[in-house]
Amino acid sequence: FKGKKILLVNTASDCGFTGQYDELEHLHKQYGDQLVILGFPANDFKHQEQKDDAAIAEFCKVNYGVTFQLMEKSRVIKGAGQNPVFQWLSDAALNGWCQQAPVWNFCKYVVDERGLLVAFFPQTVSPLSKEVINVLR
């Protein structure tokens, strides 16, 4: 991924924010040559991702046309078994500034072309919002 920005998002299929899959796919198509989008399915919030990896991928493809990369389902919140990527994203001692773990599904983190964490956006911020687009440009 060197030389590209990365948008990392914790996702879930049965969430009020699940429609953001469509917005993420739009970003993937629009900025695909300079942006990598990684979806991290997780069942950390009110059991909103109970499917297995194959069923998640099928759901995303059929309902939202998702072609960006989906990772294996994992734990994104702090605690035992937290995905190592989210350990880094949510520990200021590791990433330099951000202490924010996901508080709900569809939280967004942006890593720049040099591998530095440069932004966090909560689930309420659309992937197509001006704030996100400005960081991705």
Which whole-number percentage describes the relative contact order of the range 47-99, with Cα contacts under 8 Å and a sequence gap of 6 or more? 17 percent
Around Leu117 (Cβ within 12 Å, Cβ-to-Cβ, excluding Leu117; K/R +1, D/E -1) the net charge comes to +1
In the neighbourhood of Glu131 defined by beta carbon distances under 15 Å, the net charge of the other residues (Lys, Arg +1; Asp, Glu -1) is +3
In 5 Å bins starting at zero, report the fraction of Cα pairs in the chain per bin as a rounded %. 2, 11, 22, 25, 22, 13, 5, 0
Highest-MSF residue in the chain out of Gly115, Gly32, Gly79 [GNM, Cα springs under 10 Å]: Gly79
Report the residue, chosen from Val76, Val110, Val85, that carries the largest GNM mean-square fluctuation when the chain is represented by alpha-carbon nodes joined by springs under 10 Å. Val85
With both partners inside the chain, how many of the DSSP beta bridges are antiparallel, as a percent to the nearest 5? 45 percent
Comparing Ala93, Ala57, Ala80, which has the greatest mean-square fluctuation in the GNM of the chain with Cα pairs linked when under 10 Å apart? Ala80
Reach of Lys130 by Cα under 18 Å, taken over lysines that are not fewer than 8 positions away in the same chain: Lys5, Lys29, Lys108
Calculate the all-directions average of the projected area of the range 48-126's alpha-carbon convex hull, and give it in nm². 6.1 nm²
With every protein chain left in place and a probe of 1.4 Å, what is the accessible surface of Leu128, to the nearest 10 Å²? 70 Å²
Assuming 0.692 mPa s and 37 °C, estimate D for the range 31-76 with Stokes-Einstein, Rh taken as the Kirkwood radius over Cα pairs, in µm²/s. 288 µm²/s
Take the Cα of Val118, step 7 Å along the line toward its Cβ, and report every residue of the range 94-111 whose backbone nitrogen sits under 17 Å from that point. 95-98, 108-111
Förster radius 22 Å - calculated FRET efficiency between Gln100 and Asp14, Cβ distance, rounded to 0.05: 0.40
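The values are calculated or read from the model by the stated rules, or taken from the named source; none is laboratory data. Here the structure is a predicted model, which means the values were calculated and not measured. Neighbour counts run over all protein chains shown; Cβ positions are idealised from the backbone, glycine included. In case anyone asks, the SASA skips ligands and DNA or RNA and just uses the protein heavy atoms, side chains included. Shrake-Rupley method; radii C 1.70, N 1.55, O 1.52, S 1.80 Å.
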